[in-house]
Amino acid sequence: MRMPSLWQAALAVAMSAVAVVPGTAFAETLSIWARASSSNAAQHMIDLWNSSHDDKIELTTIPDNQMVTKLATSVQAGDVPDLISFDLIFMPDFMKAGFLTDLTATLSADPNQAKVAKAFRDLATYDGKLYGTGFTPDVSILLYNKGLFKQAGLDPDKPPKTIGELQQYATQIKEKVPGAYGYYFSGSCGGCNIFTQAPMMWGSGATLLPTSGDAPAMEGPGVKEVLTMLKDMWKAGVIPESAEADTGANFQATFETGTIGMQGSGGFAIASLKANHPEIDFGIAPLPGINEGQASSFVGGDVIAIPTGAKHADLATQFIQWQLTDEAQLEGLAKNLILPSRSDLADNKYFQEEPRYITTAQAVGIGQTPYAFHFNDMVNADQSPWLTMIQTAVFDGDVDGAIQAARDAMHAIAAE
């Protein structure tokens, strides 16, 4: 039977259209999971991508404390997002478990990857392969009150460059300014202290967390020196008594009272202090080591990766490469006063009006992130070896015993 001529004509037009645009692809919608504490930064990047690409990305926010379990169960169930943004400290465990897609071929050939802060590149490498890259960084810095520096007779434009100077300045603030304290830290918060005290140790040359049961742990210059500095300041009353029980709830709030000379903090402090306490004249500086020139930081924030089994892995890879471009780093991050993950963009047009952001962004380039499996058990747990060491050394005064006990406990965890 012959088809009516009208049908034949319509079919000919349709086939002609297909022939003209072979391989025509329809726009896709990709999914990305981001932990709650970084979802605002992630959304800026997603919005910028969506404004200029046919393929769109939708964000799902995951509570920070649920990300590890949720990714593990989703990989096992074969139901994963196309992209995932998570706390970079979990990268070693996720890579070892096989949860992430190998991106070595793509990232190794991308010139922008070589400009990403070394801490991100190191942490995203496992068995010589790359599984992710930097996405939305944060970093630890030394926060100091310039007003208290002036009252104590210190130069407000010359923060300490060694831990010896830090102790000296903190003591002088305590002695010269009524009602003020020289230094503050959250004494019952493991995560707070790996973020703010550890950089002064590894910046001095120490190796802190072991990667195996017989790898170095809590060894090298800086460990004993930093703990001794904290112990001596605690004993002399340079640190307020409230520090001992602080689980991190007052990590920022105590400095905001205007009575603290210095404390380790993060880049987030800039916006918070400017918005909520414009009366405090504050400075930002790198966290110092034993010797001048040994400044360092804890590079935190999020990495971005592709879970194993992602349905749109090719498009997800395109997004990962795009977010390393000048456009994404500057218009998606820096424009919104978020630190770029590329060290070469620390000094950019959006940070010029607020040089404290430049100092903070530069800290990303000189910082480190501990590469360790079972990080939570070693550091974040309530009775972790790291936290127990801090408390025993500083508040009980047993520095040597605290270091040895931490070393033994960390080796046992790493051997699991």
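Would you point out which residue out of 330, 345 is in contact with a Leu (Cβ under 7 Å, 6 or more places away or on another chain) and within 12 Å of residue 44 (Cβ to Cβ)?
One residue alone meets the criteria, 330.
If you take the residues of segment 140-196 that are among the acidic types (Asp, Glu) and out of contact with any Pro (no Cβ under 8 Å at 6 or more places or on another chain), which of them is most open to solvent (accessible area, probe 1.4 Å)?
Initially, segment 140-196 is screened for residues among the acidic types (Asp, Glu), giving 155, 157, 165, 175.
Next, from what is left, pick out any that are out of contact with any Pro (no Cβ under 8 Å at 6 or more places or on another chain): 155, 157, 175.
Values: 155: 68, 157: 113, 175: 139 Å².
The qualifying residue most open to solvent (accessible area, probe 1.4 Å) is 175.
Could you list all residues from segment 268-296 that are open to solvent by 10 Å² or more (accessible area, probe 1.4 Å) and assigned to a loop (DSSP other than H, G, I, E, B)?
277, 278, 279, 280, 281, 286, 290, 291, 292, 293, 294, 295
Name the residue that is least open to solvent (accessible area, probe 1.4 Å), counting only residues in segment 235-255 that are without any contact (Cβ under 8 Å) to a residue 24 or more places away in the chain and assigned to a helix (DSSP H, G or I).
Taking the candidates together, the pick is 242.
Can you confirm whether segment 88-106 contains a residue that is under 23 Å from residue 309 (Cα atoms), among the β-branched types (Val, Ile, Thr) and open to solvent by less than 10 Å² (accessible area, probe 1.4 Å)?
yes
Which of the residues that make up segment 62-78 are open to solvent by 70 Å² or more (accessible area, probe 1.4 Å) and either touching a residue at least 12 places away in the same chain (Cβ under 8 Å) or under 19 Å from the mean Cα position of the chain (by Cα) (or both)?
Listed by number, the residues that qualify are 65, 66, 70.
Say whether the condition of being open to solvent by less than 10 Å² (accessible area, probe 1.4 Å), more than 26 Å from residue 108 (Cβ to Cβ) and free of Cβ contacts under 8 Å to residues at least 24 places away in the same chain is met by at least one residue in segment 323-339.
no
Looking at (1) out of contact with any helix residue (DSSP H, G or I) (no Cβ under 9 Å at 6 or more places or on another chain); (2) open to solvent by less than 30 Å² (accessible area, probe 1.4 Å), which is the only condition residue 136 fails?
Condition (1) is where residue 136 drops out.
Select from segment 222-234 the residues that are open to solvent by 10 Å² or more (accessible area, probe 1.4 Å) and under 19 Å from residue 203 (Cα atoms) and list them in ascending order.
224, 225, 228 - these are the residues of segment 222-234 that are open to solvent by 10 Å² or more (accessible area, probe 1.4 Å) and under 19 Å from residue 203 (Cα atoms).
Just a yes or no: is a residue in segment 208-222 in contact with a Phe, Trp or Tyr (Cβ under 7 Å, 6 or more places away or on another chain), over 19 Å from residue 165 (Cβ atoms) and modelled with pLDDT under 95?
yes
Considering only residues that are in contact (Cβ under 8 Å) with a residue 60 or more places away in the chain and crowded, with 17+ Cβ neighbours inside 10 Å, look in segment 119-133 and name the one that is farthest from residue 294 (Cα to Cα).
Filtering segment 119-133 for residues that are in contact (Cβ under 8 Å) with a residue 60 or more places away in the chain and crowded, with 17+ Cβ neighbours inside 10 Å, the one farthest from residue 294 (Cα to Cα) comes out as 131.
From the list 44, 53, pick out the single residue that is within 18 Å of the chain's Cα centre (by Cα), at pLDDT 95 or above and surrounded by fewer than 20 Cβ atoms within 10 Å (Cβ to Cβ). Break it down stepwise before answering.
Numbers: 53 fails: within 18 Å of the chain's Cα centre (by Cα).
Just a single option satisfies the conditions, and that option is 44.
What do you reckon, is residue 371 aromatic (Phe, Trp, Tyr) and open to solvent by 40 Å² or more (accessible area, probe 1.4 Å)?
On the way: aromatic (Phe, Trp, Tyr): yes; open to solvent by 40 Å² or more (accessible area, probe 1.4 Å): yes.
It is true that residue 371 is aromatic (Phe, Trp, Tyr) and open to solvent by 40 Å² or more (accessible area, probe 1.4 Å).
Which one of 377, 347, 314 is in the same structural domain as residue 132 (by TED's automatic domain parsing), assigned to a helix (DSSP H, G or I) and out of contact with any Phe, Trp or Tyr (no Cβ under 9 Å at 6 or more places or on another chain)?
Step by step, each of 377, 347, 314 is checked, and only 314 is in the same structural domain as residue 132 (by TED's automatic domain parsing), assigned to a helix (DSSP H, G or I) and out of contact with any Phe, Trp or Tyr (no Cβ under 9 Å at 6 or more places or on another chain).
Right, residue 400: open to solvent by 30 Å² or more (accessible area, probe 1.4 Å) and farther than 22 Å from residue 206 by Cα or not?
No.
Return only the number of the condition from (1) of a type in the set (A, V, I, L, M, F, W, C); (2) surrounded by fewer than 24 Cβ atoms within 10 Å (Cβ to Cβ); (3) under 18 Å from the mean Cα position of the chain (by Cα) that residue 114 does not satisfy.
Just one mismatch for residue 114, condition (3).
Note down all Cβ pairs under 6 Å where the first residue falls in segment 256-280 and is touching a residue at least 60 places away in the same chain (Cβ under 8 Å), the second is open to solvent by 80 Å² or more (accessible area, probe 1.4 Å), and they're at least six residues apart or on different chains.
Pairs found: none.
The values are calculated or read from the model by the stated rules, or taken from the named source; none is laboratory data. Keep in mind that this is a model prediction, so the values were computed, not measured. So basically every Cβ, Gly included, is an ideal-geometry build from the backbone, and we count neighbours across all protein chains shown. When the accessible area is computed, the model is the full protein with side chains, heavy atoms only, and any ligands, DNA or RNA have been set aside. Shrake-Rupley method; radii C 1.70, N 1.55, O 1.52, S 1.80 Å.
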